[in-house]
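For reference, the structure discussed in these notes is given below.
The values are calculated or read from the model by the stated rules, or taken from the named source; none is laboratory data. Because the structure is a prediction, the values reported are computed rather than measured. Note that we place each Cβ from the backbone using ideal geometry, even for glycine, and neighbour counts take in every protein chain shown. Protein only, heavy atoms only, side chains kept; ligands, DNA and RNA dropped before computing areas. Shrake-Rupley method; radii C 1.70, N 1.55, O 1.52, S 1.80 Å.
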Amino acid sequence: QVQLVESGGGLVQPGGSLRLCCAASGRIFRINTMGWYRQAPGKERELVARISSGGTTNYADFVKGRFIISRDNGKNTVYLQMNSLAPEDSAVYYCKLVVLQSGDYWGQGTQVTVSS
């Protein structure tokens, strides 16, 4: 079994920054893709960014140039540095890990609220 623990969400003013963290523990052979998704009220969950085991990154158009995804393979952890936050970035953010020989795992979600 794999457990994910997210942290770093909160309330921030427009233009501010937050850093999300998602740490995995348990029976992990190797983590393939690590990603962040978000879901705002009344909307579907959407991809924000993902990073492959080799470090290749993909970003949704609405965060390009503002968010940076990174990972620490030694710590089984993925990060999302979010800069220039806007009210429309408010959502619950979820991490998702694809663990080889195990499956896909989701974090519990962390609320990000951008408001003055």
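Values as computed for the structure displayed
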item	result
Probe 1.4 Å, accessible area per residue of the range 3-61, Å²	58 Å²
Residue 46/residue 101 FRET efficiency (R0 25 Å; Cβ-Cβ; nearest 0.05)	0.35
Surface share of carbon and sulfur [accessible, 1.4 angstrom probe, percent] for the chain	46 percent
Listed residue (59, 78, 26) projecting farthest to the positive dipole end of the chain, Cβ model	26
